[in-house]
Amino acid sequence: MTDIEKESSSPELAHSLENISFAAREDGVSAAYEAKSRLINEHLQNEIGFGRYQLQLFILTGLGWAADNIWLQGVAIILPQIQIELHPVRVEFTTLSLYVGLILGASTWGILADLIGRRLSFNITLFIAGVFGVAAGGANNFISLAALVACVGFGVGGNLPVDGAIFLEFIPKSHQWLLTLLSAWWALGQLFASLIAWPLIGNFSCTSADDCPKSSNMGWRYTFYVLGGVTLVMWILRYVVFDLQESPKYLVGKGQDEKAIKVLEHIARINGTTMTLTAESLRIVSGNQNATSIPLTTWQLIEQSFSSFSLSHVKPLFSTRRLAVNTTITILLWGFVEVPLFFAYMTQDRTWRRLIGLAYPLFNGFITLYLTTQVPSDSSVSTTYRNYTIISVLGVPGSIIACLVVDWTRKNKSAFAMGGRKVTMSVSTALTGIFLFLFTTSNTTAAVLGYSCASGLTQNAMYGVLYAYTPEVFPAPHRGTGDALCSAFNRITGILAPVIKIVTTTAAGTAANGTANGQVSLNSSKPIFVSASLFIVAAILMLFLPIETAGKAAL
């Protein structure tokens, strides 16, 4: 009896192996890789299972997602105090610097994940963010602060494209719904930053730019010290405490079958299970029974990857018409859901600004600035951050609701027939647009807060499914690059928002007919209607995605 026959003695595994050769070809991967990946998925599902290793990985990748939003909100939170202490020409350049770093980080670490493996990106990104985050707290002028914030962005920018891919490649198909739940960590990151800033900035900050020395405005510095220190603790948990293994699907994609088997055996031991899969089985099922892989050192792998790097991981994402359409729509959606922010910057009315600031994570980069300068009812620092914390809480249930719906559609055949990821994502996006339309009818503080919280909840549900769908739809050999393209495009459209804000307000301030405080005087209702319409269009686009990932094991 051969090895493959022995391991197929289980009727369930034997049936799966029998069908591997007849499975529909997946776009963007070779037949050999697909066969190996499907076999690994079967053993992850039926032998290794979901256990201690995956649970630890869920927590650590979740902390990475939280770190992304911790720093997005951390930079947003300090803007009012930066403005009155350092007196920058445009305080928005702080956010602009962060997004420059995020774009470079998402592109660099995502692509490197496909070139030299997931471990480097996973282990180093939080270290970079933590070190420069602490250093940014000690900045004595605006230029050094902006430069250090850009370095923070470069480090933390790799978490979204890399961490989701890593988690996905280690979990069995039955638990892929947990990828949606990872977005709850992103919402928790915003809440954590708010809870840290509320007491620190609320109690150790200047209230007037007329008399604001460093010693009287330490709140934002204390905030950065804490956020940077927490980020470094996350890095220690990743690099020192947890023994991350390289992704087995990345390894088989590089022809390192023996290493992939050792990784799977390691996971099985931690989970308290056993595994029968062998390297010989991988070679047989892929049709390369006599092939043997030559182990490469890390440096050899890096040299080999960069020597052949061109568009080798981009072209496969557009290798067929079906995959090209799906990849294009997915990338557009990542940027498209940020497009309404452009119009938010164009509005003059403070009520609309409050809505946009409360409803969209990117515009949260300026929410505290607007809350302290545009809200007339109570602009005290403590009240501003108290309200910001309340708003942040609403992001968490949105992610949980999305997770429950996605898992329900996976288990319920009639619900699955109606659509899994795509319909869930489309409905939550459409609801966000509807709440924006409804917001235009609000004329009280309670109504503003109510519709803002509602749109924030549905928006987090939308992001939760989008963040799960994206790594699922890309095959492992090119997953890091695909995620990097989406994340980078998201950051690029995001960076246009502060640019538009800077350009339009500067032009208004210098124009002879400019309005007071350098603001652009526009019809306040139009930007909200445009934003809501764009979300409705995005919801429709989601229904045209040709690939549904629900109920399928990711390759």
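The values are calculated or read from the model by the stated rules, or taken from the named source; none is laboratory data. Everything numeric here is computed off the predicted structure, so don't read it as measured data. Methodologically, a virtual Cβ is constructed for each residue, glycine included, from the backbone with ideal geometry; neighbour enumeration extends over all protein chains shown. Side chains are part of the model used for accessible areas, which takes the heavy atoms of the whole protein and leaves out ligands, DNA and RNA. Shrake-Rupley method; radii C 1.70, N 1.55, O 1.52, S 1.80 Å.
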- If you count, for each residue, the other Cβ atoms within 10 Å and average over each peptide, how do 325-332, 129-136, 31-38 line up from highest to lowest? 129-136, 31-38, 325-332
- Query: Fully extended, how many nm does the chain gain between residue 237 and residue 144 (0.36 nm per residue separation, minus their Cα-Cα distance)?
  - Reply: 30.6 nm
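Pairs 249/422; 36/254; 249/552; 259/552; 259/315: which are spaced more than 23 Å apart, C-alpha to C-alpha?
From the list (249/422; 36/254; 249/552; 259/552; 259/315), the Cα-Cα distance tops 23 Å for 249/422; 259/552; 259/315.
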- Message: Once R0 is set to 35 Å, what does the formula 1/(1 + (r/R0)^6) return for the Cβ-Cβ distance between residue 270 and residue 30, expressed as a FRET efficiency to the nearest 0.05?
- Response: 0.70
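If the viscosity is 1.306 mPa s and the temperature 10 °C, what translational diffusion coefficient in µm²/s does Stokes-Einstein give for the stretch 163-213 when Rh comes from Kirkwood over Cα pairs?
Diffusion coefficient, whole number: 112 µm²/s.
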- Give me the accessible area per residue for the stretch 174-241, probe 1.4 Å, as a whole number in Å². 42
- With label points set 7 Å from each Cα along the Cα-to-Cβ direction at residue 438 and residue 318, the distance between them in nm comes to 4.1
- Would you please give the residues with an amide H less than 5 Å from that of residue 204, counting only those at least 5 places away or on a separate chain, with H modeled from the backbone geometry? 219
- Message: Counting only protein heavy atoms and a 1.4 Å probe, tell me what percentage of the stretch 423-484's accessible area is made up of carbon and sulfur.
- Response: 74
- Query: With labels modelled as points extended 7 Å from the Cα through the Cβ direction, what inter-label distance (nm, one decimal) is found for residue 211 paired with residue 537?
  - Reply: 5.2
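Using only the Cα atoms of the stretch 122-250, construct the convex hull and provide its projected area averaged over every direction, in square nanometres to one decimal. Spell out each step's value before the answer.
Working: hull surface 36.9 nm².
Result: a mean projected hull area of 9.2 nm².
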- Note on the structure: Burial-style ranking of 175-188, 193-206, 460-473, average other-beta-carbon count within 10 Å with highest first, yields 460-473, 175-188, 193-206
